[in-house]
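The values are calculated or read from the model by the stated rules, or taken from the named source; none is laboratory data. Note that this is a predicted model, so its numbers are computed, not measured. Neighbour counts are summed over all protein chains in view; Cβ atoms, including those assigned to glycine, are modelled from backbone coordinates with ideal geometry.
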Amino acid sequence: MTTIRQQDFIDSIADALQFISYYHPKDYLDALAVAYHAEESPAAKDAMAQILTNSRMCAQGHRPLCQDTGIVVAFVRVGMDVRWEDASMSITEMVNAGVRKGYLLPDNILRASVVADPAGKRKNTGDNTPAVVHFDIVPGNKVDVRIAAKGGGSENKSKMVMLNPSDDLVEWVVNQLPHMGAGWCPPGMLGIGIGGTAEKAVLLAKESLMENIDMTELKARGPKNRVEELRIEIFDKVNALGIGAQGLGGLATVLDVKILDYPTHAASKPVAIIPNCAATRHVHFELDGSGAATFTPPKLEDYPDVHWHAAADARRVNLDTVTRADLAQWQPGETLLLSGKLLTGRDAAHKRIVDLLAKGEKLPPGVDFNGRFIYYVGPVDPVRDEVVGPAGPTTATRMDKFTETMLAQTGLIGMVGKAERGKVAIEAIKKHAAVYLMAIGGAAYLVSKAIRSSRVVAFADLGMEAIYEFEVEDMPVTVAVDSQGRSVHEIGPAEWKKRIGLIPIKQV
Ligand code: SF4
């Protein structure tokens, strides 16, 4: 019988969440480095360079890899020969106490992203609780925890289907990818659950993402069973789609495909996909009664020798003087370095703005979009001498339905976000000769270094969703939809899908 103290469990959860907020797992770093060196698409290679550079900066600065510091998911296996000392809480309450402690740590405060009353007021709970906790009671005298902080952008792209037993599941999986867009911030992993019942398949998909990346080893030794065959087949077919890092077109869309399966009903073939993004954040620990868990960070030499710098020929843009005539010169895929003032706004702020406009009311003082750009972001609060915490872009498609109103009624001329735009937004951009620029999802700390000042100008009650004014200097972005409505997320993958068949396999 092992005795485990409640406080050791809580402290271990808090420490694990701090640890994964700024350290990528080594297997992810290794796999991304391989993909970076093999990449032939300049835009995708640049995106991966930003993600790798951001990763090293976060490890050194102990600040979050991404502004979305995730919703906590824990898989807890409790040994039958474990007794708890001083335990006044349930295990779920202990996990939540650890989440609260980890997310509110003053030295590295993490963004609280969880909202209660999801179909109603959607009020932020303020401390990122509650976590989603899954249990198993198993033989043994240890407590085993696998814990992740799952980004919303990648979670939103999850898919589930009940296939017929004779249906081709590889075909179904591969067909989903082009419709998932780039809001899941590839390159990352696909977690796939097959079998059981509907809810079991989804749970298996999530649990599979807790495993290390080992596709290179799997390919080297060859598959030993049907699941491993499927992993390789799906990996190759998905990467042949040419979607690439951030959907810009390229060779690496997934770094691995994980599959867990389970027996199912003779009439059923449930299949679920959950993607994991560039902010791969998970860790495993065990408690054996000897105290709180300890975590070993990657060494600095584990980080690939990749240091992103803006290309010397990147176009510099002054946001305070830019005109529509300037916008018309910008080409899809072109890198820009933005300097000057930007307003921010994401889901909740857009809803309020559009509601105010519908009622014929004025926007709050300081919210003047005339001739200006909006950045879709919900930053992490600053610590120490920062002006703002990590502040990478959020998925732009969620703002698509507001775009026509924003462009037609506020004088806005451009937007900055991540991933592609939908048809309705692209039509509005073309109609108003506006532009959409993308920053790299998963490079939030690097992006935040371009922000020289930050102040809240409206909707302070929305917390990270408030409208801020940022002053930026040389903020790196890519022209994703130009003023004629040409989208790099359509052009890039189509080109790379064609080229992939022509590119010989590189040994790295
Ligand atoms: S990398 Fe992208 S999907 Fe992942 S947490 Fe960050 S913004 Fe969200």
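Data for the structure
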read-out: Hits in segment 252-271 (condition: assigned to a loop (DSSP other than H, G, I, E, B) and either within 22 Å of the chain's Cα centre (by Cα) or not assigned by TED's automatic domain parsing to the domain that holds G242 (or both)); value: A252, T253
read-out: Positions within segment 134-164 being among the polar types (S, T, N, Q) and not in a loop (DSSP other than H, G, I, E, B), in sequence order; value: S154
read-out: Hey, L241 touching a Leu at 6+ places or on another chain (Cβ under 9 Å), outside the structural domain of Y23 (by TED's automatic domain parsing) and assigned to a helix (DSSP H, G or I) or not; value: no
read-out: From the options L218, L230, L251, residue that is surrounded by 20 or more Cβ atoms within 10 Å (Cβ to Cβ) and either at pLDDT below 95 or farther than 11 Å from M189 by Cβ (or both); value: L251
read-out: Some residue of segment 96-104 being under 25 Å from A292 (Cβ atoms), away from the ligand (no atom under 16 Å from the Cβ), touching a Phe, Trp or Tyr at 6+ places or on another chain (Cβ under 6 Å) and at pLDDT 95 or above; value: no
read-out: Criterion (of a type in the set (S, T, N, Q), within 28 Å of S487 (Cβ to Cβ) and buried (at least 23 other Cβ atoms within 10 Å of the Cβ)) met by exactly one of S154, S158; value: S154
read-out: Matching residues in segment 425-446 - criterion: being of a type in the set (S, T, Y) and free of Cβ contacts under 8 Å to residues at least 60 places away in the same chain; value: Y436
read-out: Count - residues of segment 59-74 that are at positive phi and within 14 Å of the ligand (Cβ to nearest atom); value: 1
read-out: Breaking point among (1) of a type outside the set (S, T, N, Q); (2) farther than 30 Å from V72 by Cβ; (3) assigned to a helix (DSSP H, G or I), for V202; value: (2)
read-out: Residue match in segment 116-130 (condition: within 16 Å of the ligand (Cβ to nearest atom) and either in contact with a strand residue (DSSP E or B) (Cβ under 6 Å, 6 or more places away or on another chain) or outside any helix (DSSP H, G or I) (or both)); value: yes
read-out: Any hit, segment 358-370, residues being among the aromatic types (F, W, Y), out of contact with any Pro (no Cβ under 8 Å at 6 or more places or on another chain) and closer than 30 Å to A74 by Cβ; value: no
read-out: Evaluation of D326 against (1) within 21 Å of V447 (Cα to Cα); (2) surrounded by fewer than 18 Cβ atoms within 10 Å (Cβ to Cβ) (one fails), failing number; value: (1)
read-out: Pairs where the first residue, in segment 45-72, is outside the structural domain of R384 (by TED's automatic domain parsing) and the second is in a strand (DSSP E or B) and at pLDDT below 95, C-beta under 7 Å, 6+ apart; value: none
read-out: Test result for K150, farther than 22 Å from Y103 by Cα and under 21 Å from the mean Cα position of the chain (by Cα); value: no
read-out: Strands (runs of 3 or more DSSP E) wholly inside segment 301-419 that include at least 1 residues being outside the structural domain of G70 (by TED's automatic domain parsing), closer than 18 Å to Q50 by Cβ and polar (S, T, N, Q); value: 335-344
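Results for (1) more than 30 Å from Q50 (Cβ to Cβ); (2) without any contact (Cβ under 8 Å) to a residue 24 or more places away in the chain; (3) assigned by TED's automatic domain parsing to the domain that holds A59, shown as yes or no for each residue.
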{"residue": "V82", "(1), (2), (3)": "yes, no, yes"}
{"residue": "L105", "(1), (2), (3)": "no, no, yes"}
{"residue": "R146", "(1), (2), (3)": "no, no, yes"}
{"residue": "S158", "(1), (2), (3)": "no, no, no"}
{"residue": "G183", "(1), (2), (3)": "no, no, no"}
